[in-house]
Structures are given as structure tokens and as C-alpha cells.
Amino acid sequence: MAAPVTAAVAAEVSRGKRAALSIAFITAVLGLPLWWKTTETYRASLPYNEISQLDILQLQLTVPIEVIFAKGTLTAEQQRRVPPSEPKEKQIVLNSHTSFNCRYEIKYRRTSSEEEEALGLYTLQDADETLQQLSKGTLGSIAIFIVPETSELYSKGVSVYIGKHRRALVKYSPNPSLHTEEILQTLYKKLQPVIQTLSFTEEAVTAALSNRIPIGRFSKDDFENSRRAFKTSPGYEITFSLLNPDPKSHDLNWNISSASDQYIQPFLDKLNPVANFSVDSQILYYAVLGVTPRFEKSTSSYILNAHNLPHVINPVEARLGSSAASLYPVLNFLLYVPEYFHSPLHIQDKDGSRVPSNAFHSPRWGGIMVYNVDYGSQEEEEFPIRVDIDMMRVMEVFLTQLRLLLGISKVYVPENYLLESPGNEGLTDWELDKLLWSRAVENIATVTTTLTSLAQLLDQIGNIVINDNVASEVYRAVSSVEIALSELEAGRLEFAFQASKDAIASSEKAFFDPSLIHLLYFPDDQKFAIYIPLFLPMAVPILLSLLKIAKEYKANKKESNKSD
């Protein structure tokens, strides 16, 4: 009877061993991989190689330039030897990761009969407008007409005329004895400052790359201009505010709607390729400045010193409304009419002289203008005084400040240059091109920095979720910035700027996607802390069974060796 019992026990032990081994095998082969896969952080693939290549930024900026010789500037022999095109290049290395190459694709030709007829008009302005009707040119391109010294278009002391469009007229004294190569070399030296005026400058491109290079690499003026202007944005909100701190004394009337349509809207229409703009206005009563002006006995007026101006904005800003709810940056323009007992009020600069415009602006915020009321012999009982604000004078100041805040700085040229006024539009075509050059480069620099930072962040923190939306935005940003770089190299500024806008929009969507911080504080040790209490009660019996099986196996092996 003992033999059957022993056989049954042995069979039961063998069955237990097989069950334990089977459970351990299934757990190791299927359970653990399945658990690890189902609890891992989802991370879509990203173009890390392409992003690392963008970290080394080498810009190729190509400017298409057309130089047109009028009759009387070259001899027939010289004209035959003029090449159809001639490139000029200059490489600027800012650091080991950032450089740009200025390439000027110069094409030479002679004037057509229609162009010669336009150059024979009475004034430079008429000639420029007629030439514009013949050929409008593309964004980023330049046309330079070389006219003889005998031309009657120029007034005394003027040798270079730069109009409202992408065109310049340059006087040139012909010299039949010079070879064509010498003429082109001499002419290029004369045209260089003209090209710099109509297109980007090395300093402007360097300032646009400021987030990739040390501050000391560009001049103080360019640094201040870059810090003054608002950063690139798909849109801007412009708010005009009339501050009336003394309604008992002043009945203020301003036709802001008509003034905006007349002076500001043409300027904004010209900037349509850059961004979208919205304009609104408001009147604030009992809004006072945060600084008490100083009375000056010699002039019987009140003074705001330059060192007090930074303290003016904060108290007023609290009344303007929060800009946090705005999707886009807000540009504030304030017209302040001082109280009766603080009038007249004048702004004084650091040198102690009065500011002619009686206005000042704050970088990346807006501007404030003080508008004094002429009371004359007004009697007290006739208050409040009706004040019709001169909107032309006000809008001229605000338009100047708006240009500065958008990065359109004043151009300084030699005395023999004549710059045409932009007119009612407030912006010339070549000023628009200069802005687009700077913004395109700034966008590309921002995108490359954003993508590089994002790639480093995701590579260092492996438990951040990378969903398909983030990955698609990153791929779109990389593709757009590559297109922008190729379009800049090809000299197509309009398409390059649009691609750079798409790139910066996609990169910011990816960088600020809420899903990127969903599991930021859920590392792997917390995952184990959660699941070990669930798996440990099941794992302990299996591990003990495996240890027991291993011991019995070793014991049986020793006995078999002894019997042998």
C-alpha cells in the first residue's frame, strides 16, 4: 500500500513543480513584457538628427539686384563688355554655431525706351512713380538706375535719390578711358551704401540673431533697437487711450476713429504681410500720473524729468485693463491731458531740454504723449472747457512711436542722398523689406533655439509623453524652417518670411503643448511603488517554489554523483 501512496505523492510534487515553472515562465515571458509595454510612456518619434543640424545655423541671404544703365553712362564698347550678372559675397561668422553669408546677385542691363522716357521727366518723384508703373519689383529685390551727371532731375548737392519703392537713381560720371572691370568695381563701391539702405545691414542681421550670440557682438544702437521692438507675433492689438484726469475742467473731444483710418490704417495695411492688427480706443476719467510734476518758476510751467518717466506707466497701466487675456501683444498709446492746476506740463530729457514732441515711449509697451490745453484768458466759471484735440499732431507722434515699437528704425544717410517721404502710408516698400529681412532671420533663430531646447528636454526626461500632435508640429516646424532657409538662399523674401512664420507657430505649439508636462512628475520609481504591492503577493509563492525546486535539483544532482 505504501508504494502507490509514494507514487501518488511523487506525481503530485512533480505536477506542482511543473505548475510553478509554467507560471514563472508565463510571467517572465508574457506578463512582465506586457506590463512594461502597457505602462510605458508613449513617445512618438522626433527628427532629432535634423534638429541637431539646425543647431548650427548658417544663413544664406541672397538679394536680387538689378543695375540699369541709362544712355550716356557707358560707351558702346563698355556696354558690350558688361557681364549679364555678377555675384558679390561676404561671410560673417558670429560664433561656432552661427554665421550668415550676404550674397548680392547683381544683374546688369540697359534701359528700355519706356524707362528712358520716364528718366526724362521733370522731377525725381515723377520718374520714380512712372518707373514703378513699368515694373513693381518683388519683395526683397532692388533696382538701381545709373543716370548721367547731365541729368536735370537732381537738385544741387544731390547725387542719390531713394524713392518710396524698391528703387534708387544714382548719378554717375562716365569715363570712356576706364575698362569695364574698373567701372564695375568703382560703381559697386558707390552702390554699396545704397544697397545697405534699401536692404538689410550686417548689424541688423546680427541684432536679429541676438538670442544666439553674446550681447557684445553687436553695437549699442542695434542692441537698443532690438530690445525696443516687440518680438515677432502673428498679431498685435493696438489700443489708443485718452486720459482725462480733470473732467471738471476739460470736455475733451477726439475723433479717434477718423484719425485712425486716416493716419494709422494705411500703415497697418502696408504691414499685412507681417502680422494681423486690431485697433481699439477708450477714454479714462480721473486717471492721473504716478509722479507729481515739478514746478519751474522761470517758465511758469510744470516739468516731468526723464528719470521720473519710468514711474509714470505703472499707475496708469492699472487702469488700462489686463493684457493677460489678449492673445497677442498689446501696444498702448496714451494721450494725457494734464489737470488745470498742473498745466502746462512739459517732458524734459536727460540734458535738461524740453522734448519737442512732448512724448516718450516705453520699449515693448507703448507710448505716452502729453497734450497741453491753451487756456488763454479763460474764466473759472466757464469750466469745463471744450477741447478739440488736434489729431494730426497726435497721430504723427503715435505713428513714429509705432514704427519704433515694430522695429522700423530711422535710416541715416549721407548728405548727398535724398530720401522720399513714405507719404500717407507711413512706410516705404524698402522699409517693409528691411523689416521682413530682420523678422525672417529672427524667426529662424527663434525656431532653431526652441526646437533645440525641446529636443534636449525630451531627451533628458524620458517619462514625458510625446503624442502624435506634438510630433507632427515638430516635423512641420523643421520642414518650414528648412523651406525658409532655402527661400532666403534663393532670394525669395516673401516666401521665406511666410515659411518662417509657419515654423515659429508650429514650434511654439509643440513647445507649449500641455501634454508635455502630463507625466513630468511620474518617474519610474513611482511606477514600481504603485505596482509592487499588487504583484508582490503573487510573486512571493512563485519565487519560493522556484527556490525549492532549485534546491531539490541540486540535492538530487549531488546524490546521483555520489551513487556514481
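The values are calculated or read from the model by the stated rules, or taken from the named source; none is laboratory data. The model shown is predicted, which means the values in this text are computed figures rather than measured ones. Counting neighbours? That spans all protein chains shown, and the Cβs are built from the backbone with ideal geometry, glycine included. Protein only, heavy atoms only, side chains kept; ligands, DNA and RNA dropped before computing areas. Shrake-Rupley method; radii C 1.70, N 1.55, O 1.52, S 1.80 Å.
Miscellaneous remarks
- Taking amide hydrogens as placed 1.01 Å from N in the peptide plane, the amide H of residue 69 sits under 5 Å from those of 109, 110, 111, 146, each at least 5 positions away in sequence or on another chain.
- Of the residues 95, 44, 437, the one whose Cα sits farthest toward the positive end of the charge dipole of the chain, with +1 on the Cβ of Lys and Arg and -1 on the Cβ of Asp and Glu, is 44.
- Backbone N atoms of the stretch 422-456 closer than 16 Å to the 7 Å Cα→Cβ label point of residue 482 belong to residues 448, 451-452.
- Here residue 297 is the anchor, and the lysines within straight C-alpha reach of less than 20 Å, apart from those fewer than 8 places off in the same chain, are 350.
- Of 439, 476, 18, the residue with the largest accessible area leads and the full order is 18, 476, 439 (1.4 Å probe).
- Residues whose amide H comes within less than 5 Å of that of residue 301, counting only those at least five positions distant or on another chain, are 296 (H built at 1.01 Å from N in the peptide plane).
- Distance between modelled label sites at residue 353 and residue 149, nm, 7 Å Cα→Cβ extension: 3.8 nm
- Protection proxy ranking of 289-300, 94-105, by the mean of other Cβ atoms within 10 Å over each peptide's residues and highest first, is 94-105, 289-300.
- The stretch 73-181, Rg to Rh (Cα coordinates; Rh as Kirkwood inverse mean 1/r): 1.04
- Difference of contour (0.36 nm per residue) and Cα-Cα distance, residue 8 to residue 58: 9.8 nm
- Radius of gyration over Kirkwood radius for the chain, both on Cα atoms: the Rg/Rh ratio is 1.23.
- Solvent-accessible surface of protein heavy atoms, probed at 1.4 angstrom with all chains present, puts 89, 442, 129, 202 in the order 89, 129, 202, 442, largest first.
- Average silhouette area of the stretch 315-359, convex hull of alpha-carbon atoms, in square nanometres: 4.8 nm²
- For the stretch 18-126, alpha-carbon Rg relative to the globular expectation (2.2 N^0.38 Å, N residues): 2.60
- Rolling a 1.4 Å probe over the protein heavy atoms gives the stretch 254-326 an accessible area of 55 Å² per residue.
- Overall, the accessible surface of the stretch 32-154 at a probe of 1.4 angstrom is composed of carbon and sulfur to the extent of 51 percent.
- Low-density loop positions, trypsin sites (Lys or Arg not before Pro), the stretch 147-188 - DSSP coil, at most 15 other Cβ in 10 Å: 156
- For residue 116, the solvent-accessible surface with a 1.4 Å probe is about 50 Å², rounded to the nearest 10.
- Global size of the stretch 373-492 as Cα Rg and Dmax, reported in angstrom: 25.3, 77
- Accessible surface area normalised per residue over the stretch 425-482 is 31 Å², counting heavy atoms of protein chains with a 1.4 Å rolling probe.
- FRET efficiency estimate (nearest 0.05) - Cβ-Cβ, residue 553 to residue 463, R0 51 angstrom: 0.80
- Packing rank of 261-270, 407-416, where each peptide gets the mean count of other beta carbons within 10 Å, highest leading: 261-270, 407-416
- Carbon + sulfur, % of accessible area of the stretch 390-504 - ligands and nucleic acids excluded, 1.4 Å: 50 percent
- Rounded percent of accessible protein surface that carbon and sulfur make up, the stretch 275-330, 1.4 Å probe: 52 percent
- Note on residue 489 and residue 177: the model spin-label points, each 7 Å out from Cα along the C-beta direction, lie 4.6 nm apart.
- Fully extended contour minus Cα-Cα distance, from residue 25 to residue 86, at 0.36 nm per residue: 14.4 nm
- For the chain, complete DSSP H runs whose alpha carbons reach 18 Å or more along their own long axis and whose mean Kyte-Doolittle score is -1.0 or higher are 2-26, 180-198, 391-405, 429-460, 468-490, 493-511, 524-563.
- Evaluated at q = 0.18, 0.22, 0.26, 0.31 Å⁻¹: base-10 log I(q)/I(0), Debye formula over Cα of the stretch 18-74: -0.85, -0.95, -1.03, -1.14
- Sorted peptide list for 238-244, 424-430, criterion being average Cβ within 10 angstrom, highest first: 238-244, 424-430
- For the stretch 418-564, alpha-carbon Rg and Dmax in angstrom: 31.0, 115
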